[in-house]
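Note sheet for the following structure.
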Amino acid sequence: MILASTFFMTACSLFGGDKDDIVFESNVQEKRIGILKSLGGMSVGEGTHILELENQSTMRLRSSIVDLDNEKYLAQRVEIRGPIAKTEDGKDLMEVKSIDLAEEEEQEETLEGVEKEYTNAQLGFRLVYTDSWEINEESDRIVFNAPKKSESEDEESEDMVIIERFPNPQKKSLESFLQLPSDNNSLITLGYTQTLVGTDQLEGLKKEANNRQEIDIWLTRGDDVYQLSFIGSENPEIANNRNTFFSMVTSFRFIGILEEEVTEESEEIVEEEEVAEEMEEEEVEKITEGYSFFESLPYKFTGQYPSSWYFNGSSGTGDTIHHYGFGDEPLDEGGQELISVDIVSGSLPSGSPVTFGQNSGVKVYENGKVAIYITRTGSTLYKIHGDTKYESKIIDMAYGLKSTDQ
């Protein structure tokens, strides 16, 4: 008993005691790679496991959503993500939110490729992939096929990544959509783990086959569910191809979705594409640096918006014929709309006359807001408006509006 008590006191001294008063002041998801080790079954407030980093230092770990005792990860080289706080004795402690095996890439005979950005405005996402992979686009899914070392390789030895969108009109949770239990322990028992995806650290669910030849990740976005899948084969390059998949997942980001709205009058299509490539050379020079183009076919105009922002469109009410919202976070996930561009009916209101290139109209200030009205064809106007702190961007967007009606 004395020996056991001595060990317990020593362990508490080494690992910080059984108090759980650690405060994680930031939700930033840090990434670390190293060897996962257990503290021998002890559950103490400042960590249950450690990560042995490549520089031989260690980091304490704990998690309420990831099974760190999973034999697939213990004593393996893993990649973990989560917020980090300092313990009372100044050590780093991570609250692990996601975990993956971190494989060593095989460098010999690796097929070369250049990393490129891929954007799909119809499905509404962007990622980085290796251009040696072949892309096959379908209406609601994209298939990336890994390169073959020789033409003699059959389809059974071909690895692929599939990104697919499924309708979720009732906006069910992932657990409900996949008909899974909602409690985390049951999910872990079934092989599902919570994970973070992409540059925006989106919350999702992940499941891996025991042989890691199939990996599935699910995300929700508005009334859709996205599935990102790696489907492996007997390809000798499967480890490298799997790493490519994880790189694609890490770079994944939702963007504005190409909008299709069928009405009695028209089919609305708002595209986020490189419209500049289709414009005349003198028009390309008018693109403001740091902005991207969008186009409305039924309302026959193009415009520009900050490249890092998101947008969506919807039918208007009252004098507003159609509405476009722009913000620095996904609007269909609760992001705040910072600038609006509306097609409105009526005549110019009273205000200060302004001219932006070939566009003329008036500027109106009211209650900390600024609105620019620009005349367009018929008895309609563009109305670009938002808080005065975004006035410079509002002016840039007003300058970029251009009718495509010939």
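The values are calculated or read from the model by the stated rules, or taken from the named source; none is laboratory data. Quick caveat: nothing in here was measured; it's all calculated off a predicted structure. No Cβ is skipped: glycine too gets one built from the backbone with ideal geometry, and neighbour counts run over all protein chains shown. We work out accessible area using only protein heavy atoms, side chains counted, and drop any ligands, DNA or RNA first. Shrake-Rupley method; radii C 1.70, N 1.55, O 1.52, S 1.80 Å.
Descriptive notes on the structure:
- Checked against the criterion of being assigned to a strand (DSSP E or B) and modelled with pLDDT under 70, the candidates Glu268, Glu203 yield just one match: Glu268.
- Leading residue by the ranking (least open to solvent (accessible area, probe 1.4 Å)) among those in region 305-362 that are closer than 19 Å to Thr404 by Cβ and either among the charged types (D, E, K, R) or in a loop (DSSP other than H, G, I, E, B) (or both): Asp342
- Check on Glu71, at pLDDT 80 or above and open to solvent by 50 Å² or more (accessible area, probe 1.4 Å): yes
- The selection criterion, being at pLDDT 90 or above, outside any strand (DSSP E or B) and more than 24 Å from Gln122 (Cβ to Cβ), does not hold for Ile384.
- The single condition from (1) open to solvent by 30 Å² or more (accessible area, probe 1.4 Å); (2) over 15 Å from the mean Cα position of the chain (by Cα) that Glu164 fails is (2).
- Evaluation of Leu190 against the conditions (1) open to solvent by 60 Å² or more (accessible area, probe 1.4 Å); (2) more than 20 Å from the chain's Cα centre (by Cα); (3) over 30 Å from Pro83 (Cα atoms) shows that the sole unmet condition is (3).
- When Val344 is tested against the conditions (1) in contact (Cβ under 8 Å) with a residue 12 or more places away in the chain; (2) within 30 Å of the chain's Cα centre (by Cα); (3) more than 26 Å from Arg126 (Cα to Cα), the lone failure is (2).
- Applying a threshold of 6 Å to beta carbon distances and a minimum spacing of six or more residues, or different chains, the list of pairs starting in region 127-142 at a residue that is under 9 Å from Gly113 (Cα atoms) and ending at one that is β-branched (Val, Ile, Thr) and open to solvent by less than 50 Å² (accessible area, probe 1.4 Å) reads Thr130/Thr244.
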